[in-house]
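The values are calculated or read from the model by the stated rules, or taken from the named source; none is laboratory data. Predicted model only: the values in this text are computed from it and were never measured. With ideal geometry, Cβ positions are generated from the backbone for all residues, glycine too; neighbour counts draw on all protein chains shown.
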Amino acid sequence: MDDYSIESMRDTNADAQETSDYNLQKPNIYNKYLPFYKSIKRHASDLFEEIRENLSRTIQLGELRPGFAVWSNELKRFISLYGFYFTKDDHLKLINFYLSILSITDLSYSDVEICFDTLFDLMRKTSMITRDDLIIDWRLLYRWAQLIHDLHNKTSALVALPKNIDVSLFWCVRCCSPYFSATATQEILDQFRPQLCPYGQYFLDTIKMFEIFLPLTVPPNLHSQGFNCRMDAIGIIYREFRSERKVRPFWFFIPHETCRLTEQDTIDFVNCIKEYAFISIFNKDHNKEAAEACQYLSMLLPELIVPSLVEQLFSSLDNMTEPHRFTSIISCLTRVARQIVRQTPSYSEGQIYVLPLLMSVLPGIDLNDFQKITVTLEFLDTILKLITCVDCSSAVHIRTDLTDIEKEVCLSTVQFEDFITELLHRIFQMIEILSTELSDVKGNPIETLKYFLPKTCESIENIMDHADSSGLLIDHKGDIELNWYLILFAEFLRARGDTLLIYKQMIMSIFHRCIYLIHKDSYEAVASAAKHLLKSLSHVYPMEYQLTVENFDEPFVNFLPIRAWGQAADFDNLQIQFHIPNENEIDFACEFVETFLYLELRLLNEKCLKMSNNERLRSLTFIHHIAIGCFRMVPHVDSEKLPNL
């Protein structure tokens with residue numbers, strides 16, 4: 001193992017420049033929209049330094065277990081939360097570190113899999129590191145590929161391999177292959193060419209190794225040592241639609257003008273594939289793959305995919321003998337929803353289908369068919385997240401720059417009112433039927449509470465007024481009506497903390513009345529209500545999930561909503577507002593905890609052995625949910641605020 005790559009993990013240069021956002025590789029772009037961003041950056045820097053030091057220490061002390069796995073997992077978690085929040089120099093040191101670990105000959109296969117997965121995480125953003133920065137010896141990975149392949153194929157092997165190590169190997173090599181040396185392609189061909197006999201014992205294994213190791217893309221100056229030297233050998237033709245059309249192509253994939261795809265190539269490709277995809281939509285074994293294929297094809301040429309799919313939906317609506325066709329085509333349309341609703345320079349006709357589609361799928365909200373209602377609601381959810389339900393019909397008389405298609409779409413939006421009326425009618429009808437099973441009710445945090453919360457609390461109080469006579473407090477069967485109102489009560493407490501302050505006295509009264517119910521559904525609803533209340537009061541969370549910044553109240557002469565349908569959000573102009581608990585909310589949360597948590601703890605300490613199993617479970621469930629809700633307010637164990645712990 002290379003000692004330098006391990007020792008260099010620790011930066012002992014006291015004059016090292018302070019990390020700034022400008023010399024970091026690729027931090028998580030969403031973190032800068034969070035409150036307390038400065039503290040997040042400081043925590044990220046401290047955490048990375050801790051991870052780096054501990055990874056180095058595990059190797060220096062020769063203690064791979066458990067330190068290597070623990071801190072590698074912390075690195076994966078760090079990248080997930082903060083992105084590549086480190087410099088290019090540190091990035092390269094981490095890659096070389098894990099490559100050097102793979103050079104250990106007796107390394108356990110669980111640690112090998114960790115190296116594969118971590119290298120994939122570190123190298124999946126190929127644009128951040130070029131061949132001038134890094135060259136990887138393909139034989140290092142090939143040695144492990146041989147061992148893994150041999151052990152997988154031998155039923156009598158004495159070494160147990162991790163379940164998905166072969167998948168981890170494939171993706172690791174795929175990310176590493178752009179950094180193989182200039183002569184790697186020829187070396188790989190020389191290694192496997194003698195085994196390419198179609199009738200040979202190892203032919204299929206050799207083809208698999210080709211698939212894994214042959215570099216698919218190389219810089220233009222290395223074409224003569226890349227795919228050109230393997231065309232005659234195995235006849236591989238590889239074309240990348242996405243890579244060719246990127247505005248900023250990858251450093252390793254800049255095809256020559258004569259080798260690039262033409263528009264006619266794209267049309268021929270889509271026409272060749274689409275009929276097979278359309279047929280497979282109704283194949284129960286492959287409908288998911290068909291929907292995925294339609295999604296990718298519609299990204300290339302929506303005009304060849306969207307109209308056919310919509311036509312198939314309309315034909316399936318009248319098909320009474322094959323109801324599964326409706327669910328299959330709706331699932332497919334959900335995957336291509338964005339291509340339907342948005343305008344592009346080459347295709348905007350899909351918007352014409354939006355209102356007819358919304359109206360035509362409403363009969364799919366049918367409680368007699370669970371699969372149909374599931375795919376229908378998923379389709380409606382997807383479409384309604386991409387568009388705004390604004391009647392733009394008057395825009396045709398205001399604006400003079402509308403195309404014929406835009407005029408038709410604007411006139412169709414007058415149907416939004418009918419659509420929403422019918423949708424709400426069907427939803428409320430479904431709620432009425434399923435009212436005894438409903439467990440998730442959300443609404444406007446102010447208006448909903450103003451109307452529903454007092455009525456819900458009043459209904460609970462009325463039922464509890466007769467609790468003694470009806471035996472509710474000791475009844476293990478419970479009361480269906482009470483359970484319904486308690487579930488509603490719990491869901492209403494998901495509202496913003498500053499809104500809940502208005503109803504503080506009412507909320508506390510309900511908890512005092514219902515905390516000792518021992519019916520399982522009842523005390524679980526009360527416990528959930530406690531958790532939701534404490535989270536609403538003490539957590540930081542977005543108050544608005546809308547990603548677009550347009551003002552939909554503007555006159556149509558300034559802004560036309562249909563032109564914003566399905567468009568990507570501009571992350572540089574997001575204006576996210578967060579709920580940050582104020583002093584009154586924190587005081588309410590602390591009062592709740594002091595009132596109910598310590599009460600339950602005293603009860604367990606004093607009467608635990610005298611309590612029935614149901615009573616004990618009720619108390620523990622309530623404590624557990626309070627803990628989940630309020631632990632964000634508890635300082636870390638090593639905090640200076642807990643000196644006597």
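When region 479-527 is filtered for residues that are of a type outside the set (A, V, I, L, M, F, W, C), surrounded by fewer than 23 Cβ atoms within 10 Å (Cβ to Cβ) and under 18 Å from Ile628 (Cβ atoms), the ones remaining, listed by number, are Glu491, Arg494, Glu524. Reported count of residues in region 356-370, each being more than 19 Å from Asp318 (Cβ to Cβ) and assigned to a helix (DSSP H, G or I), is 1. Of all residues in region 80-101, those satisfying the criterion of being assigned to a helix (DSSP H, G or I) and not hydrophobic (A, V, I, L, M, F, W, C) are Ser80, Tyr82, Lys88, Asp89, Asp90, His91, Lys93, Asn96, Tyr98, Ser100.
Is there a residue in region 567-581 that is within 25 Å of Ala495 (Cβ to Cβ) and modelled with pLDDT of 85 or more?
Scanning region 567-581 turns up at least one residue that is within 25 Å of Ala495 (Cβ to Cβ) and modelled with pLDDT of 85 or more.
Would it be correct to say that Leu601 is in contact (Cβ under 8 Å) with a residue 12 or more places away in the chain, among the hydrophobic types (A, V, I, L, M, F, W, C) and surrounded by fewer than 14 Cβ atoms within 10 Å (Cβ to Cβ)? Yes; evaluated as a whole, the condition is true for this residue.
Within the set Ser439, Ser470, the sole residue that is at pLDDT below 65, closer than 19 Å to Glu524 by Cβ and small (Gly, Ala, Ser) turns out to be Ser439. Checking every residue in region 83-96 against the condition of being over 24 Å from Ile29 (Cα atoms) and touching a helix residue (DSSP H, G or I) at 6+ places or on another chain (Cβ under 7 Å) gives at least one match. Among the candidates Ser316, Ser328, the residue that is of a type in the set (Gly, Ala, Ser), surrounded by 15 or more Cβ atoms within 10 Å (Cβ to Cβ) and either free of Cβ contacts under 8 Å to residues at least 40 places away in the same chain or touching a Gly at 6+ places or on another chain (Cβ under 8 Å) (or both) is uniquely Ser316. Against the definition (closer than 29 Å to Leu500 by Cα, in contact (Cβ under 8 Å) with a residue 60 or more places away in the chain and of a type outside the set (Phe, Trp, Tyr)), how does Ile576 come out, yes or no? Yes. Does Leu597 count as assigned to a helix (DSSP H, G or I) and either modelled with pLDDT under 80 or under 18 Å from Ala525 (Cα atoms) (or both)? Yes; evaluated as a whole, the condition is true for this residue.
Of all positions in region 187-202, at least one carries a residue that is at pLDDT 80 or above and under 21 Å from Asp132 (Cα atoms). Go over the candidates Asp268, Asp205 one by one and state the one that is closer than 29 Å to Tyr142 by Cα, at pLDDT 70 or above and outside any loop (DSSP other than H, G, I, E, B). One residue alone meets the criteria, Asp205.
Just a yes or no: is a residue in region 332-354 of a type in the set (Phe, Trp, Tyr), in the same structural domain as Val390 (by TED's automatic domain parsing) and surrounded by fewer than 20 Cβ atoms within 10 Å (Cβ to Cβ)? The answer is yes; a qualifying residue exists. Here is the figure for region 376-398: residues that are in a loop (DSSP other than H, G, I, E, B) and under 13 Å from Pro561 (Cα atoms) total 6.
Taking each residue of region 607-634 that is over 17 Å from Ala527 (Cβ atoms) and touching a residue at least 40 places away in the same chain (Cβ under 8 Å) and looking for partners that are loosely packed, with under 15 Cβ neighbours inside 10 Å and among the acidic types (Asp, Glu) with beta-carbon atoms closer than 6 Å, six or more apart or interchain, yields nothing. Taken residue by residue, region 149-170 has no member that is within 30 Å of Lys26 (Cβ to Cβ), crowded, with 16+ Cβ neighbours inside 10 Å and in the same structural domain as Trp71 (by TED's automatic domain parsing).
Of all residues in region 52-73, those satisfying the criterion of being crowded, with 17+ Cβ neighbours inside 10 Å and under 25 Å from the mean Cα position of the chain (by Cα) are Trp71, Ser72.
Scanning region 399-424 for residues that are assigned to a helix (DSSP H, G or I) and either hydrophobic (A, V, I, L, M, F, W, C) or at pLDDT below 90 (or both) turns up Ile405, Val409, Cys410, Leu411, Val414, Phe416, Phe419, Ile420, Leu423, Leu424. Of all residues in region 412-429, those satisfying the criterion of being within 18 Å of Ile352 (Cα to Cα) and buried (at least 16 other Cβ atoms within 10 Å of the Cβ) are Ser412, Thr413, Gln415, Phe416, Phe419. For region 97-122, a residue qualifies if it is at pLDDT 90 or above, within 15 Å of Leu64 (Cα to Cα) and among the acidic types (Asp, Glu), and the qualifying residues are Asp111, Glu113.
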